[in-house]
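The structure under discussion appears below in the form of structure tokens.
The values are calculated or read from the model by the stated rules, or taken from the named source; none is laboratory data. All values derive from a computational prediction rather than experimental measurement. Cβ sites come from the backbone with ideal geometry, for glycine too, and all protein chains shown count toward neighbours.
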Amino acid sequence: MKVISLNVGLPRRILHHDREVTTSIFKVPVAGPLMLRRLNLDGDQQADRRVHGGPNKAVYAYPSEHYEYWRDQLPEADLGWGHFGENLTTEGLDEQDACIGDLYRMGAATVKVTQPRMPCYKLGIRFGRDDMVKRFVASGRSGIYFSVVEEGLVDTGDAIVKISGQPAGIPVSDINRAYAHSRENIELVRRIVSAQILPRGLHQDFVDELALIDH
């Protein structure tokens, strides 16, 4: 497993459906090494920290292997590393491998798996498609958010090494499956809620969904 691209972006204002929107989803690959800090990668900045960023979403990684799927799905799109708004494009680490709470070493930094990405409409802005959020969620190819346990330099080519895992851990792919198809995965939703392993906002989403299912 390794990092194959570092991608950063600063907030920019664009016109979307006749209204002005500020977004940082337009990431571009840059040369490293860069410091991975508690709240972001150097040179990167979240546009709206009410819903993006914060300690539990300090850095976003997207598997390079998913790009082949999206190139088949969206042949008209010119997809380069960072196109999904990821800070780190990775190789060899996907949602089935990474369990919530797992610790990894990336370069000199230590990170912890916190949650999948639940995209907002700005992903649609990046792709110029209003259906992109729906397609992204349905694909199960969410990428992985990490918190930063220990700050450090990260560079392209750096190995990603698993330090520790969670006994009976819940992989990110299961969170995606339960989120997209909760009523077909009721016991999984119960397990996720009972484990109390997700950040507060996403945890509450599952609590609320379970209440509706049980009503």
Scan the range 98-121 for residues that are more than 14 Å from the chain's Cα centre (by Cα) and at pLDDT below 95 and jot them down.
TYR121
What is the residue count in the range 104-141 for residues that are over 16 Å from PRO199 (Cα atoms) and in contact with a strand residue (DSSP E or B) (Cβ under 7 Å, 6 or more places away or on another chain)?
9
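For the subset of the range 5-17 comprising residues that are under 16 Å from the mean Cα position of the chain (by Cα) and part of a strand (DSSP E or B), which member is nearest to THR90 (Cα to Cα)? Break it down into steps so the answer makes sense when it comes.
We begin by selecting, within the range 5-17, every residue under 16 Å from the mean Cα position of the chain (by Cα); these are 5-9.
Then keep just the ones that are part of a strand (DSSP E or B); that gives 5-8.
On the way: SER5: 7, LEU6: 9, ASN7: 11, VAL8: 14 Å.
For the range 5-17, the residue satisfying everything is SER5.
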So is ARG129 within 18 Å of ILE25 (Cβ to Cβ), under 13 Å from the mean Cα position of the chain (by Cα), among the basic types (Lys, Arg) and in a loop (DSSP other than H, G, I, E, B) or not?
no
Whichever residue in the range 164-179 is more than 16 Å from the chain's Cα centre (by Cα) and polar (S, T, N, Q) and, among such residues, is modelled with the highest pLDDT:
SER164
Has the range 83-105 got at least one residue that is assigned to a helix (DSSP H, G or I) and of a type in the set (D, E, K, R)?
no
Unique residue being in contact with a helix residue (DSSP H, G or I) (Cβ under 6 Å, 6 or more places away or on another chain), surrounded by fewer than 16 Cβ atoms within 10 Å (Cβ to Cβ), on the phi < 0 side of the Ramachandran plot and of a type outside the set (S, T, N, Q) when the list is LEU15, LEU10, LEU79:
LEU79
State the number of residues belonging to the range 160-176 that are touching a residue at least 12 places away in the same chain (Cβ under 8 Å), surrounded by fewer than 18 Cβ atoms within 10 Å (Cβ to Cβ) and over 9 Å from CYS99 (Cβ atoms).
4
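Going residue by residue through the range 135-145, is there one that turns out to be among the hydroxyl-bearing types (Ser, Thr, Tyr), at pLDDT 95 or above and assigned to a helix (DSSP H, G or I)? Lay out the reasoning, then the answer.
The first filter runs over the range 135-145 and keeps only residues among the hydroxyl-bearing types (Ser, Thr, Tyr), leaving 139, 142, 145.
Still in the running and at pLDDT 95 or above: 139, 142, 145.
Next, only the ones that are assigned to a helix (DSSP H, G or I) stay: 139.
Yes, some residue in the range 135-145 is among the hydroxyl-bearing types (Ser, Thr, Tyr), at pLDDT 95 or above and assigned to a helix (DSSP H, G or I).
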Can you name the residue in the range 18-31 that is within 21 Å of the chain's Cα centre (by Cα) and in a loop (DSSP other than H, G, I, E, B) and, of all such residues, is surrounded by the fewest Cβ atoms within 10 Å (Cβ to Cβ)?
PHE26
